[in-house]
Amino acid sequence: MHDKFLKPYNPTDTEDKIYKLWEESGFFNLDNLPGKRSETFTVVLPPPNVTGILHLGHAYEDSLQDAVIRFQRMRGKRVLWIPGTDSAAIATQARVEKNIQKDEGKSRHDLGRDELVKRVRTFAKESENTILGQVRKMGASLDWSRYAYTLDETRTLAVTTAFVNMYNSGLIYQGDRIVNWDPKGQTTISDDEIAYKEEKTKFYYLKYGPFTIGTARPETKFGDKHVVMHPDDERYSEYKHGQKIELEWINGPLTATVIKDSAIDMGFGTGVMTITPWHSAVDFDIAERHKLDKVQIIDKYGKLLEIAGEFYGIKITEARQKIVEKLRAKGLIVKEEEYTHNIATAERTGATIEPQIMKQWWIAVNKPFIIPYSEIPGIESGTETTLKEIMRKAVSSEQVNMPQEGFRNAYFHWIENLHDWCISRQIWFGHRIPVWYKRKSKVESEKLKVGNEEKTKMYVGIEAPKGEGWVQEEDVLDTWFSSGLWTFSTMGWPDITKDLKTFHPTSFMSPAYEILNLWVSRMIMMSGFHLGQVPFRTVMIHGLVRAKDGQKFSKSLNNGIDPIDIINKYGADALRMGLLTGTAIGSDISFDENKIKGYKNFANKLWNITRFILSSTETYKYDPGFSKWTEADKKLVAERDALITEITREMEEYKLYLVAEKLYHYTWHTFADKIVEESKTILGTPPVNEGKGTDSEKSSRAQLLIHTLHIILKTLHPFIPFVTEEIWLTLPHNTEQNLLMVENWPA
RNA sequence: GCGCGAUUAGCUCAGUUGGUAGAGCAGUCCAUUUACACUGGAAAGGUCGGGGGUUCAAGUCCCUCAUCGCGCACCA
């Protein structure tokens, strides 16, 4: 017996050494896996953002996927797990800008585009190193030879190719439309990056000629010259569509036009409203339908424009009170009510969203196009479909299997409400849109007027066009655009590589529910459009890791936990096991350090079980084909094997939490507490006691202990790979020094 | 407003097609040169959120209410 078993198990001494052994073995790369393997099993790591360090959520995700990967590898499959990181355009740039502002008091405009991008890249690189170190610490058996970064050369080519192809199919277009403008971040954001916050405010009823209109935002009403009501509203039947009405308004007399539109809710307020198409999506739609002109009231910085007259230049947040006073003085306020509504804020900066009409790039989700090739049932190659249809059919046909009913419904519900996706962002770090304009520079349309752009020639292509005077689009793409390509960009697309042909669609994806819409749906969209395939076969949505009291880990609460600290204290095995047990996949986990401590004890228990078995079976040779079990042992073998059959099925159903607990329980309370304990009577505890068993009882029991130890080590390996490998490598029965990670699963 | 999820032991959570309520942690009592104190043994602890229904049988299926959490939409 190895001397090391005389001391308690020490994860810190072991884990880095074992990870190195695994890496050097080459088995993380499926091309080096031993034995005949045909069936593939592929997972692409959800790429962590290069914004700093990993948190427990990543640790959980790594544990989950690595357990699945290790299981499938031991099942004899050709297992590929591709690592990568995400540039996370806005998130990373914002982080770096914040640091620069803090340390040097400079803004991004002080630095300029090139310098800022350089700084962000440096930060991203450091962050990448930290993150990859952490992922290794977790024991993740990733194929590092296939590492991908969303901004590397291959992935950039994938992004530009994807953009160009979608543009050529007419699905990407440039248009003046209402966007969610973040005045703090100075960029557009997508609908999915909005967080709604409840706000108590006043609701004003204003006199607008013969009408009373309701509004919560009187400060936006300067230019409102269309008054809208439902065509069936009998209260206003005397007014005809298109009718002109002279009235007195905030800054003087105004000619208003009556518009009848069925988008109006007759039951809300007075059933009459005026519209501000430049700053409201609903109003914009109404204005589009009736071809009304649109006037900007608020600029990009959230200040009022000239149309506000005496209020010109005032910040919108300060303007309301002043304007209300004027309205009151003019006798235009009919009444005021207390009112609670939700305001849209930018998830990242916390700023209140000011909708604006801006020229942006969009992906049309409802526009029909001919799909050249499709493997998705219900969508035939060469027929007309839409991106929305692809997203729907991929899941409804179960080409993408979403076993969790609730998330599946949420997905469909989201698709129903999906609008065109705004993919351009006014930041500098990210994939610059592959569009070039022939003109001196992009027109700075400070006032954002529709149609005041210079006439320019536009070129859309993978590389810059030849010739003088071409200037590339300033905007970069929404980070989820490149993320959407992730399952196949990581395999070398647009080249039709061997990997792509062999491993796509991938087998399994396990993202947090937070990004079901942001990411999962985009991958399905992109994979469907570009490959005619689904991106993955099974999606298991997982929950969030929360603090013990159920609160979210966050900087403001200062309750963050660095997984590395936990690993240093208890070992990565304990952390993995602690994260994977106790909660079904999909529910939130409340993180309890005590639980992790318990699994550290478990690793030590396993260590001591081994120590006992090695010392008490020293005189017996391991016999893999042993069959002369005593009646009692035969029963124990049968019970054990029934458990293995059961957990194998559950592993295949991704019910890792059940498996981990059952193995824990079997190892500790059946194997150690009962089987090992009663073996003391049979085998004795050498060198002190002689056992009371007969020779056949002794050999049967010795073999039972050794066999079961092997099986326990194998089945626990996906969960606690380090300690099981460390034990396995020093077992005298493992004469060939094979690594446990490529042993066969015992079922 | 629409939808989803949760509600089970003190705490954190499991509970597969309906068939006698489970685990971990904490707590209680006992043991102490034991493979392991990072230990062992024993016991205790639950009208499964409330109410109603289906069924021979309901934690599980249906209806309803309550509380909490989340998602989507949004009314000016």
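The values are calculated or read from the model by the stated rules, or taken from the named source; none is laboratory data. Model, not experiment: these values are computed from the prediction. Here Cβ is always computed from backbone atoms with ideal geometry, including for glycine, and neighbour counts include all displayed protein chains.
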So A:I297, is it surrounded by 14 or more Cβ atoms within 10 Å (Cβ to Cβ) and modelled with pLDDT of 90 or more
yes
Of the residues in the stretch A:407-460, how many are aliphatic (A, V, I, L, M), in contact with a strand residue (DSSP E or B) (Cβ under 9 Å, 6 or more places away or on another chain), assigned to a loop (DSSP other than H, G, I, E, B) and at pLDDT 65 or above?
3
Need the failing condition index for A:A603 against (1) within 28 Å of A:V539 (Cβ to Cβ); (2) near RNA strand B (Cβ under 9 Å from one of its atoms); (3) in contact with a Pro (Cβ under 9 Å, 6 or more places away or on another chain), just the number.
(1)
What single numbered condition from (1) modelled with pLDDT under 90; (2) in contact with a strand residue (DSSP E or B) (Cβ under 7 Å, 6 or more places away or on another chain); (3) within 14 Å of A:A216 (Cα to Cα) fails to hold for A:I275?
(1)
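Which of the residues that make up the stretch A:601-636 are among the charged types (D, E, K, R) and under 12 Å from A:V723 (Cα atoms)?
Within the stretch A:601-636, the subset among the charged types (D, E, K, R) is A:605, A:611, A:618, A:621, A:623, A:628, A:631, A:633-635.
Residue satisfying the conditions is A:K605 alone.
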Hand me the list of strands (runs of 3 or more DSSP E) wholly inside the stretch A:175-290 holding 1 or more residues that are near RNA strand B (Cβ under 8 Å from one of its atoms).
A:194-208, A:211-215, A:226-229, A:272-274
Say we look at the stretch A:389-442 and pick out the residues that are charged (D, E, K, R) and under 27 Å from A:E468 (Cβ atoms); which of these is nearest to the chain's Cα centre (by Cα)?
A:R432
Among residues of the stretch A:323-340 being assigned to a helix (DSSP H, G or I) and among the aliphatic types (A, V, I, L, M), the residue farthest from A:R217 (Cα to Cα) is A:A329
For the condition more than 16 Å from RNA strand B (Cβ to nearest atom), out of contact with any Leu (no Cβ under 9 Å at 6 or more places or on another chain) and aliphatic (A, V, I, L, M), what is the one hit in A:L45, A:L6, A:L21, A:L33?
A:L33
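Of the residues A:K635, A:K621, A:K548, only one is at pLDDT below 90, farther than 25 Å from A:P718 by Cα and either out of contact with any Cys (no Cβ under 7 Å at 6 or more places or on another chain) or crowded, with 18+ Cβ neighbours inside 10 Å (or both); which?
One residue alone meets the criteria, A:K548.
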What do you reckon, is A:E618 under 45 Å from the mean Cα position of the chain (by Cα), within 15 Å of RNA strand B (Cβ to nearest atom) and of a type in the set (D, E, K, R)?
no
The stretch A:1-31: number of residues that are part of a loop (DSSP other than H, G, I, E, B), within 35 Å of the chain's Cα centre (by Cα) and surrounded by 14 or more Cβ atoms within 10 Å (Cβ to Cβ):
4
Residue list for the stretch A:32-47, filter: assigned to a loop (DSSP other than H, G, I, E, B) and within 18 Å of A:F536 (Cβ to Cβ)
A:E39, A:L45, A:P46, A:P47
All but one of (1) under 20 Å from the mean Cα position of the chain (by Cα); (2) at pLDDT 90 or above; (3) not acidic (D, E) hold for A:P377; state the number of the condition that does not hold.
(1)
Within the stretch A:351-406, track down each residue that is outside any loop (DSSP other than H, G, I, E, B), among the basic types (K, R) and either over 23 Å from A:A512 (Cα atoms) or in contact with a His (Cβ under 7 Å, 6 or more places away or on another chain) (or both).
A:K359
Return the only residue of A:G269, A:G331 being more than 39 Å from the chain's Cα centre (by Cα) and exposed (fewer than 12 other Cβ atoms within 10 Å of the Cβ).
A:G331
Here the qualifying pairs (Cβ atoms under 7 Å; residues six or more apart or on different chains; first in the stretch A:650-670 and more than 9 Å from RNA strand B (Cβ to nearest atom); second not aliphatic (A, V, I, L, M)) come out as A:M651/A:F71; A:V659/A:E650; A:A660/A:T581; A:A660/A:F719; A:L663/A:T715
Confirm whether A:E736 is on the phi < 0 side of the Ramachandran plot and surrounded by fewer than 20 Cβ atoms within 10 Å (Cβ to Cβ).
yes
Just for the stretch A:497-541: of the residues that are of a type in the set (S, T, Y) and in contact (Cβ under 8 Å) with a residue 12 or more places away in the chain, which one is farthest from A:P46 (Cα to Cα)?
A:T502
Counted residues, the stretch A:571-600 - those being surrounded by 15 or more Cβ atoms within 10 Å (Cβ to Cβ) and near RNA strand B (Cβ under 7 Å from one of its atoms):
8
Give the residues of the stretch A:87-130 that are assigned to a loop (DSSP other than H, G, I, E, B), surrounded by 18 or more Cβ atoms within 10 Å (Cβ to Cβ) and among the polar types (S, T, N, Q), sorted by residue number.
A:S87
